[in-house]
1. Using a basic spin-label model with each label point 7 Å from the Cα along Cα→Cβ, how many nm lie between E175 and S12?
2. Listed here are the pairs K30/K117; K17/K224; K68/K95; K30/K224; which of them are more than 27 Å apart at the Cα?
3. How far apart, in nanometres, would the label points at E23 and N184 be if each is projected 7 angstrom from Cα along the Cα-to-Cβ direction?
Amino acid sequence: MHFPIKQSELMSDLAAKLRGLSELLCNPVKPADEPFVVIASNDIFADITPTRLLRIVEGQVDYYLNGKLVMHFSEGDLLGLPKSLNLPQGQFACKGPVTFLAYERDELVSAANGDLKSQRNWAYYLLCTISFYELAFTQELRSEFQPSAGFMHYRSGETIIQQGDTAHKVYTLLEGSADAVCDNIKVGEINANEIFGALAVFTRQPRIASVVATSDCTVLAVRKEEFITLIEHQPQICLGLIEEMAAKINQLNNQLLQLKTSKTS
């Protein structure tokens, strides 16, 4: 049996993960300007160049959608991605002084795609950002907006993906660990922050293996259509995923070789 995570706990956990990822992504990039302060504003991005993202250094920013307060942002949060991710557009506002650092979006994205580790962090950041906003929106817009991303909890021993099923979603393991199992044989391991289930989406084939939780797991599921759209906008993400898939294929080949060796000896 699996069940949804409580939204308040999930939002807090996702926010912490996003702050950590934004630090990893922003550290290699030189800010576009010196830190600046906004005393108070009903629309912080009104006078900001459209290609810039803002990272909060100090203070709190409120996010409004259709005049309703949806969520708060604080130190370490990176703002300005909803438009590029095709999310509903709202307004970032502040009632008191907030200190920001500005980054050029294209420079940040270029740095994020500079190596395979950064590409994986960027992919994970985008998926978590989409889910973070959609989860927040549903708290105020349940009748108008239905989330396409889902967060589930699986107990140790439960099946997350079933071999042979049609691939409808791509998954990210937020917490816990799991095994990939093909025909009752373990063929790989999945650890926290790893994206899995993408191969069947790319090949449009049934799932070639099951994924079984080996500890209590928190999983983020994103519809394949949204994942494909993300790949279309950020094709460099494929490099990190291909590397991970290749590593798993090599691992499987080694296991098959060992089985053949043991049978002939």
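1. Calculated label separation equals 1.0 nm.
2. Numbers: K30/K117 19 Å; K17/K224 23 Å; K68/K95 15 Å; K30/K224 34 Å.
Over 27 Å Cα-Cα: K30/K224.
3. 4.7
Each reported figure results from applying straightforward, stated rules to the coordinates on display, with no laboratory input. Keep in mind the model is a prediction, meaning the values are calculated, not measured. Note: ideal-geometry Cβ built from the backbone for every residue, glycine included; neighbour counts use all protein chains shown.
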